[in-house]
1. Within the stretch 32-57, restricting attention to residues that are in a strand (DSSP E or B) and touching a helix residue (DSSP H, G or I) at 6+ places or on another chain (Cβ under 8 Å), which residue is surrounded by the most Cβ atoms within 10 Å (Cβ to Cβ)?
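The values are calculated or read from the model by the stated rules, or taken from the named source; none is laboratory data. For clarity, every value in this text was computed on a predicted model and none was experimentally measured. Here the Cβ is made from the backbone with ideal geometry for all residues, glycine too, and neighbour counts use every protein chain on show.
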């Protein structure tokens, strides 16, 4: 009989989901207590340093628990892009990149 081992990380730092605001932010908890708001990854690292925690790898589940996104998620899912335009996927077959030299083939 094979037993399955499920490992649950219990990191000291938890970064909660993105909250709407200008700019959007995420709540940071250390040891289960709210320590502040983070607007960037640097804010998370600063909060950890102030608590005496050295974070070597933000992707390590033993170091940081990311709720509602990862270290790259800093705006609500329904928010428009930072440049104000609409994001759009481009199919390179249907819309090839323009030739910067202006030459046609």
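1. Of the residues in the stretch 32-57, the ones in a strand (DSSP E or B) are 33-38.
Next cut, touching a helix residue (DSSP H, G or I) at 6+ places or on another chain (Cβ under 8 Å) only: 35-38.
Details: 35: 16, 36: 15, 37: 16, 38: 19.
Only one residue fits best here, namely 38.
Residues are listed down the side, and each one gets a yes or a no for (1) modelled with pLDDT under 95; (2) in contact with a strand residue (DSSP E or B) (Cβ under 7 Å, 6 or more places away or on another chain); (3) more than 26 Å from residue 23 (Cα to Cα):
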site	(1), (2), (3)
39	no, yes, no
67	no, yes, no
80	yes, no, no
94	yes, no, yes
